[in-house]
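The values are calculated or read from the model by the stated rules, or taken from the named source; none is laboratory data. Not measured: the values here are computed from a predicted model. Glycine also receives a Cβ, built like all others from the backbone with ideal geometry; neighbour counts cover every protein chain displayed.
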Amino acid sequence: MCGIVAYLGEKEAQPLLLEGLRRLEYRGYDSSGMAVLNGGGLHVLKKVGRIQALAAAAEITPLHGSLGISHTRWATHGEPSDRNAHPHVDATGKLALVHNGVIENYASLKKRLITEGHTFTSDTDTEVLAHLIGDHFQKLPANTPSRLERAVMAALREVQGTYGIAVIHQDEPGVLVGARRGSPLVLGIGVGEHFLASDVSAVVAYTQKAVYLNDYDIVTIDRNGFRVSSLTKQSAGFEISAIDFHQADADKGEFPHYMLKEIFEQPQAIQNAIRGRLSHEDSTAVLGGLNMDAKELRGIDRILVTACGTALHAGIVGEHLIESIAQIPVETDFASEFRYRNCPIDRRTLVFVVSQSGETADTLGALREARRKGFRVLGICNNVGSTIARESDGGVYMHAGPEIGVAATKSFTSQVTIFALLALLFGRMRYLSASQGREIIENIEKLPTLIGQVLSQSERIKAIANKYAKSSSMLYFGRLYQYGVALEGALKMKEITYIHAEGYPAAELKHGIIALIDKNTPSVFICPQDSVHDKNMSTIQEIKARKGPIIALATEGDTSVEAIADDVIWLPKAVDYIMPVISSIPLQLLSYYTAVALNRDVDKPRNLAKSVTVE
Ligand code: M6R
């Protein structure tokens, strides 16, 4: 959602803030703004639109000073506009605040503040928080030690909802205060300088040291250093962590878009997901981060996977993997549903939450609900140090490297690969012999090479994308392992091209969807040579009989599919349980090239944000 960057040090803040915002723009890009403090007071600049609009305004009116806060917005309360952009100031105009999250009781607080004489200039919940903190600040005697920190604490005690904030005040010109509850905030520790940011990609160019703040933490930074206190406890502990990636990992390199770069990074990402996790000696997977011994793992008789969007689709593929290979019943559920329904979980159920960012509000809510009920919850996350990773009882890191493109790509294939490792681990504790385990390992190890083979077809996929780019609707079909891939393919197509697309289990065609088939509605059919190949062929015939164009994903050399499909994308030969990792990649490329053909903003599609940190 929104992105925060704040700086206190010896350098000019403005260029650092703008560069940090560019790094965080994938979190929100409706509008942006910054406030800088110097001897002359507080200076605020805000602009609707992309960061470029703010940078252009800053070129004309530069803000000088070495303490500043900045923000890139994804609108919740109030339309994207200059006046709704952050920072917001208090009644005195001396305090400025940026905020990520939602102040749920903002309406009642606003009403009270209005009766006390405050006037508001925006439609946002954030402006209410700025006024509230400012109000507390004004009520404290001028010589109160840590006056801004105290005002922030007093105000936050009145607030319901979620926040990651950064605040500065003209009367405390060397102080930067940050706080979080439910929305991420990281402290970057540099040499003679400190940063606050929504995630480490904004600060990794300046430091490799960070403190991932916890809910209810307040961090106060001044020219001498920082301290962390807590809204709920007498004292707050903190840990300085090493940031696990470098600036170059978060750059586009020679690629025109992050999405394309991340698609092409998949051989390496999958290699990272399996590195050190396959034991040839024991013919099983080694996943020490689960924090469960063999006896505990053997005691599990049901698995529940909960996540959102792409991560849920990976879970749907994971369900097939674990059920087929390990014979443990698996259920998948939207995190947004799971957190509010009263799902029965017995003591032998293991809950997995899956999240690239590790900050998705619904997934975090599901994790907390399951843990509140006393269940063991394991996380599958990419972002090291993210809230979900920290609050889980254990889990598996993806190690896919930063994923900046709003459309998830390498995180999907990494998540599916991790489910394959889990299936192997659970399977070897139950029904799989050592030789069966060995065979699975050998197949998983082929993945990076097989992915390379699919990627080499990108020009062919580009030509197919150009051919169908004018379609207004597309259907995606797959069965068993390929059903989750069909869902994911359709999500990719709609989110970056804005073409309506839906994924279905192929046999559902006859139960309603067939009414949509006509010569202008292409069907993307994932039809590798697997146990349901013949069934899929019948469904393809039914579509062709109604003049529906078919883009088929078929196993190399499958002449039966080639004879009937309008266009074929070839998949290398592979066993069914690793095929989803391979077959999802041409669908990513198909969406990517379609979006490029339609001149869409691939990395920042309309209305979307990379990390959905509000409900
Ligand atoms: O960071 P998460 O994996 O928790 O994100 C979940 C979804 O918001 C995310 O996968 C979303 O659906 C992507 N835009 C899909 O490309």
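Here are a few things to note about the model shown:
- The set of residues in region 250-271 that are part of a helix (DSSP H, G or I) and over 21 Å from N599 (Cα atoms) comprises A250, Q266, P267, Q268, A269, I270, Q271.
- Picking from residues in region 235-278 that are of a type in the set (A, V, I, L, M, F, W, C) and without any contact (Cβ under 8 Å) to a residue 12 or more places away in the chain, the one that is surrounded by the fewest Cβ atoms within 10 Å (Cβ to Cβ) is A248.
- Test: residue in region 36-51 that is closer than 12 Å to I4 by Cα, in contact (Cβ under 8 Å) with a residue 60 or more places away in the chain and not charged (D, E, K, R): no
- D333 more than 16 Å from the ligand (Cβ to nearest atom) and not in a helix (DSSP H, G or I): no
- Close pairs from region 306-327: first touching a residue at least 12 places away in the same chain (Cβ under 8 Å), partner among the charged types (D, E, K, R), Cβ under 7 Å, at least 6 apart: T306/D333; C308/D362; T310/E488; H313/E488; A326/R430; Q327/R430
- Criterion (touching a Lys or Arg at 6+ places or on another chain (Cβ under 8 Å) and under 20 Å from D222 (Cβ atoms)) met by exactly one of G28, G41, G3: G41
- Restricted to helices (runs of 4 or more DSSP H) entirely inside region 445-514, those with at least 1 residues that are in contact with a His (Cβ under 9 Å, 6 or more places away or on another chain) and assigned by TED's automatic domain parsing to the domain that holds Q529 are 481-497.
- Single residue of S32, S81 found to be assigned to a loop (DSSP other than H, G, I, E, B) and of a type in the set (S, T, Y): S81
- Residues satisfying the stated conditions in region 290-305, i.e. over 21 Å from the mean Cα position of the chain (by Cα) and either outside any loop (DSSP other than H, G, I, E, B) or free of Cβ contacts under 8 Å to residues at least 12 places away in the same chain (or both): L290, D293, A294, K295, E296, L297, R298, R302, I303
- Scanning region 567-615 for residues that are within 16 Å of the ligand (Cβ to nearest atom), part of a loop (DSSP other than H, G, I, E, B) and within 14 Å of N466 (Cα to Cα) yields one hit, R600.
- Leading residue by the ranking (modelled with the lowest pLDDT) among those in region 384-396 that are away from the ligand (no atom under 12 Å from the Cβ) and surrounded by 20 or more Cβ atoms within 10 Å (Cβ to Cβ): G385
- Failed item, numbered, when Y431 is tested on (1) away from the ligand (no atom under 16 Å from the Cβ); (2) assigned to a helix (DSSP H, G or I); (3) touching a helix residue (DSSP H, G or I) at 6+ places or on another chain (Cβ under 9 Å): (2)
- Filter result (of a type in the set (F, W, Y) and either over 20 Å from L350 (Cβ atoms) or modelled with pLDDT of 95 or more (or both)) within region 397-455: Y397, F412, F419, F426
- In region 358-375, residue nearest to the ligand (Cβ to nearest atom) [restricted to those that are buried (at least 20 other Cβ atoms within 10 Å of the Cβ) and not in a helix (DSSP H, G or I)]: T360
- Scanning region 286-317 for residues that are away from the ligand (no atom under 13 Å from the Cβ) and touching a strand residue (DSSP E or B) at 6+ places or on another chain (Cβ under 6 Å) returns V286, L287, G289, L290, N291, I300, R302, I303, L304.
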